[in-house]
Amino acid sequence: MVLLELRNLTVVYPNSKKPAVENLSLSLKRGEILCIVGESGSGKSTVLKAIAGLLPPNSRVSGQIIFKEKDLTPLSREERRTLMGKEIGFIFQEPSVYLDPLFKVGKQIEETCRIHFPQRDCKSATLSALRYCGIPDPERVYNSYPHQLSGGLKQRVNIADATVNNPSLLLADEPTTALDVSTQKKVLNLFRKLKGDGKAILLVTHDFGVVWEVADRVLVMKEGQKVEEGDVFKIYESPKHPYTQRLVSIFKELSTIG
């Protein structure tokens, strides 16, 4: 079943004439990971922000964002907020920016729970989310401030916050960029676990290593446009577009050197 569908999505930022994303169409099913890959400025993060309603004010958006058979594009910011954190989770690139340094991380995740489910035992839900994300000693982490945690722990806290309300769709914006290799592996294993539990994941990255690790399908963007899309193995073995060929070739060359 298709959970998310973009139909000819076009996004133009304020004071810009050139679209950041132009006529982009894609679909995403439950239990599937679709990776959007491309260089900086290709528009891939803009796609996630458009879905989440996080674009700057006065951005111009056309096309359709269909989630659970409902078009989100006409919704106000307030209406979009009722979905975010409840039915759609957002995993940010840099958790240190996302997490408030003045509050313990457990209370921050609880707040995400309580906003949408005020009658729920949100502390228990928070501890369950921390355990699900493979966090050792969840009680200690619950009572910790962000600066007391490593980068890998903060990112898994970020994922716990995004999943505490059991959303069906996760949007992940470069979730492994700031992590070392061993921690990155743990986070990618967590994405596979989420996929196995039926989550649909739209993951943005510039790293083809991440793509080969977790993606079912790949969508390649350049200068705001989709240049290629397909099964991850087919893209790896026989990319069609020259830009994709170059990206895959560079990855294979670096892998050989490594």
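What follows draws every value from the coordinates through simple rules; no lab data is involved. All values derive from a computational prediction rather than experimental measurement. We place every Cβ from the backbone using ideal geometry, glycine too, and count neighbours over all the protein chains shown.
Here are a few things to note about the model shown:
- Amide H contacts of Gly89 (H built 1.01 Å from N, in plane; Pro and chain starts excluded): Leu169, Leu170, Leu171 sit under 5 Å, all sequence-distant by 5 or more or on other chains.
- Label of the coordinate-derived value, Cα extents along the principal axes in Å, listed as (i) 75, 40, 34; (ii) 94, 35, 35; (iii) 51, 47, 36: (iii)
- Counting DSSP beta bridges with both ends in the chain, the antiparallel % (nearest 5): 50
- Checking every one of the GluC sites (Glu not before Pro) in region 82-124 against DSSP loop status and a limit of 16 other Cβ atoms within 10 Å picks out Glu87.
- Placing +1 on the Cβ of every Lys and Arg and -1 on the Cβ of every Asp and Glu, with no other charges, gives region 98-166 a dipole of roughly 60 debye about its Cα centre.
- Of the complete DSSP H runs in the chain, none spans 27 angstrom or more by Cα along the long axis with a mean Kyte-Doolittle score not below 0.5.
- Using C-alpha pairs below 8 Å separated by at least 6 residues, the relative contact order for the chain is 26 percent.
- Computed on region 42-183, with alpha-carbon pairs under 8 angstrom and 6+ residues apart, the relative contact order is 32 percent.
- Nearby lysines by direct alpha-carbon distance to Lys186 (threshold 22 angstrom, same-chain neighbours under 8 apart not counted): Lys154, Lys195, Lys199
- Mean Cα-pair separation over length for region 98-166, i.e. relative contact order, pairs under 8 Å, 6 or more apart, %: 44
- By other beta-carbon atoms within 10 Å, ranking Asp180, Asp216 with the fewest at the front produces Asp180, Asp216.
- Estimated [θ] at 222 nm from DSSP helical runs (n ≥ 4, -39500 (n - 2.57)) normalised by residues in the chain, nearest 500: -11500 deg cm²/dmol
- Kirkwood-based shape ratio for region 98-166, expressed as Rg/Rh from alpha carbons: 0.92
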